[in-house]
Structure formats: structure tokens, C-alpha cells
């Protein structure tokens with residue numbers, strides 16, 4: 001249960017940062033940074049420096065041949081980057097959606113305290129003032145909610161005993 005509690009607390013405390021990470025990864029997928037053959041040729045042409053007896057901007061056939069040979073490697077690298085971003089995005093989105101779903105299954109008052117604390121970033125005093133309950137009640141509800149989340153994560157972990165909890 002301690003491992004589950006640590007995992008749940010980690011997921012809760014990282015919720016807002018993970019939402020930002022998800023948005024950054026979505027942006028990177030929509031606007032991928034890729035290396036093209038033209039980029040490679042431009043980079044190689046700038047690498048020549050000032051040489052006496054050659055015209056500026058001249059690219060030798062050897063340079064062009066090198067750039068074209070790396071085109072497949074560039075495509076593979078670009079695809080690997082996109083795949084890595086996609087995997088990370090899917091993992092974070094799945095974790096966030098699971099947490100949101102589990103919170104939705106809880107008692108509304110406990111769920112509200114969890115949302116206000118971890119999703120909205122409010123402190124205990126702010127939550128007490130907004131909900132009209134005592135600070136002690138907020139703390140009790142939050143503790144109960146965390147215990148309920150731990151129980152849900154524990155239960156689903158038994159459904160997949162060979163799978164590490166995420």
C-alpha cells in the first residue's frame with residue numbers, strides 16, 4: 001500500500017506539470033522539428049569556410065553525395081523523434097485520464113477537495129474559505145479521498161499482476 005500511496009501522491013502532485021507537458025508534446029507533434037536534405041546541404045556548405053581559389057557558395061559533388069547518403073538516416077531519426085514524443089504523450093494522457101476518471105467515481109465532496117488541491121493548486125485555507133467548511137474538514141476529506149484513490153489503484157493493479165503500476 002505504501003508503494004501505491006507514493007505513486008498516487010506523485011501522480012496528484014505532478015498533475016498540473018503533466019498537463020503542461022502534454023500541451024508541449026502536442027505542440028511538438030503538430031510542429032515537428034525535422035532535418036531535411038536542404039538543411040544538411042546548407043550546413044555542409046557553411047562548414048567549408050573561406051578557401052582561396054574556390055567560389056563562395058560552391059558545394060562539391062562529394063558534399064552533395066554525403067548529404068544525399070544521410071537522407072535515409074535523417075528520415076529515420078525524424079521518425080524516431082516523432083515516435084518518442086507520441087509514446088510519452090500517450091503515457092501522460094493515459095495517466096491523467098485514469099486519475100480524472102477515478103476522481104469522478106468518488107464522493108463529490110472528497111473529489112472537489114482533490115480537484116481544488118491538485119488540479120487548481122489551491123491551499124487548504126483557500127479551499128476551506130471557498131467551500132465553507134473548516135480547515136480540519138478539508139484535511140480530513142483530502143485524506144479520505146487519497147485513501148479512496150489508493151484503494152482504486154490497488155484494486156486495478158490486481159487485475160494486471162504482471163503489469164507494473166503506472
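No lab work stands behind these numbers, since they all come straight from the coordinates. Fair warning: this is a prediction, and the values are worked out from it, not measured in the lab. All Cβ positions, glycine included, derive from the backbone under ideal geometry; neighbour counts span all protein chains shown.
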### Query
What is the list of residues in region 100-142 whose amide nitrogen lies under 16 Å from a point 7 angstrom out from the Cα of residue 157, following Cα to Cβ?
none
### Query
Hey, can you rank 93-99, 107-113 by average C-beta count inside 10 Å, highest first?
107-113, 93-99
